[in-house]
Amino acid sequence: MTTPKASVERKPSFQCKVCGTEITRQSRTGMCRKHANEANNADPVARRKRAEGLRRFVRENPEKASAQARKAAASRVSNPEQLERLRAQMRAIQHLSYTPEAMARRDMKARGAKVTAYRLAWCPEAYRPLYIRIRKGQGFTKAEAMEMVLNQIKADEADNAKLSPFERQERALNSGARI
């Protein structure tokens with residue numbers, strides 16, 4: 001003889017306010033995960049709070065944060081679909097470095113370097129910062145600053161003439177020269 005099965009009483013189901021899909025009773029928002037995330041990401045206060053938490057985490061745990069960043073980057077490039085999406089995004093924004101404003105900034109910087117090289121052609125590159133410091137910082141005229149730098153060059157050459165080749169090389173290495 002078989003015993004009758006007890007009927008299992010089913011708890012009332014909860015539904016997402018937005019789409020109507022079934023959700024758990026523990027949902028505090030009353031929405032499915034997709035719509036709860038959308039609502040949370042649309043809230044500027046929540047985004048700011050999340051960003052502050054991430055900054056604090058990175059500041060307090062730099063090693064852990066860099067390890068997580070490396071792991072995330074590796075997972076992004078290991079997925080071929082995501083890698084192609086990243087490449088498409090880069091192609092879409094690549095033209096931004098060739099805007100007229102960006103090119104003008106690069107051109108102005110290059111032009112400034114050329115003008116400096118032309119105007120200070122008499123001055124070796126190692127002494128140009130000294131000349132600029134004398135001219136701008138101490139307010140001497142061009143002729144006075146030029147004379148001071150040329151005198152400094154002569155004094156340095158005289159000091160170097162007194163040194164042995166080994167001492168010259170040692171002095172150069174101490175001042176940042178490479179072998």
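The values are calculated or read from the model by the stated rules, or taken from the named source; none is laboratory data. The shown structure was predicted, so the numbers you read here are calculated from the model rather than taken from an experiment. Here the Cβ positions follow ideal geometry from the backbone for every residue, glycine too, while neighbour counts run over all protein chains shown. Each accessible area value is taken on the protein alone, full model and side chains, heavy atoms only, with ligands, DNA and RNA left out. Shrake-Rupley method; radii C 1.70, N 1.55, O 1.52, S 1.80 Å.
At a glance:
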| quantity | calculated |
| --- | --- |
| Point-charge dipole on Cβ atoms (K/R +1, D/E -1) for the chain, about Cα centre, debye to 20 | 920 debye |
| FRET E, pair residue 128, residue 168, Förster distance 30 Å, beta-carbon r, rounded to 0.05 | 0.90 |
| Share of carbon and sulfur in the accessible heavy-atom surface of the chain [1.4 Å probe, %] | 55 percent |
| Helix 62-78 axis, angle to the chain major axis (alpha carbon atoms, nearest 10°) | 70 degrees |
| Computed FRET value (nearest 0.05) for residue 60 with residue 38, which takes r as the C-beta separation and R₀ as 30 Å | 0.50 |
| Diffusion constant of the chain at 4 °C, which comes from Stokes-Einstein with the Kirkwood Cα-pair radius and 1.567 mPa s, µm²/s | 50 µm²/s |
| Residue among 14, 145, 40 farthest towards the positive dipole end of the chain, charges placed on Cβ | 14 |
| Sequence-distant residues sharing a close amide H with residue 14 (under 5 Å, placed H) | 23 |
| In degrees, nearest ten, helix 100-119 long axis to first principal axis of the chain (Cα) | 20 degrees |
| Shape call, the range 74-179: gyration tensor on alpha carbons, a/c limit 1.5 | oblate |
| Choice from 104, 39, 67 with maximal GNM fluctuation in the chain (Cα, 10 Å cutoff) | 39 |
| Degrees between helix 142-162 axis and first principal axis of the chain (Cα, 0 to 90, nearest 10) | 80 degrees |
| Computed E for residue 136/residue 101 - FRET, C-beta separation, R0 22 angstrom, nearest 0.05 | 0.20 |
| Rounded, prolate or oblate (a/c below 1.5 giving rounded, otherwise prolate when a/b exceeds b/c) for the range 18-76 by Cα gyration tensor | prolate |
| Eligible lysines near residue 142 by straight Cα distance, threshold 24 Å, same-chain separation 8 or greater | 109, 114, 154 |
| Simple spin-label estimate for residue 22 and residue 83 in nanometres, 7 Å along Cα-Cβ | 4.1 nm |
| Charge dipole (debye, nearest 20) of the range 27-122; +1 at Cβ of Lys and Arg, -1 at Cβ of Asp and Glu | 220 debye |
| Radius 12 Å from Cβ of residue 120, net charge of other residues (Lys, Arg +1; Asp, Glu -1) | +4 |
| Most mobile listed residue (132, 93, 23) in the chain, GNM with C-alpha springs under 10 Å | 23 |
| Solvent-accessible area per residue, Å², over the chain with all protein chains present [probe radius 1.4 Å] | 88 Å² |
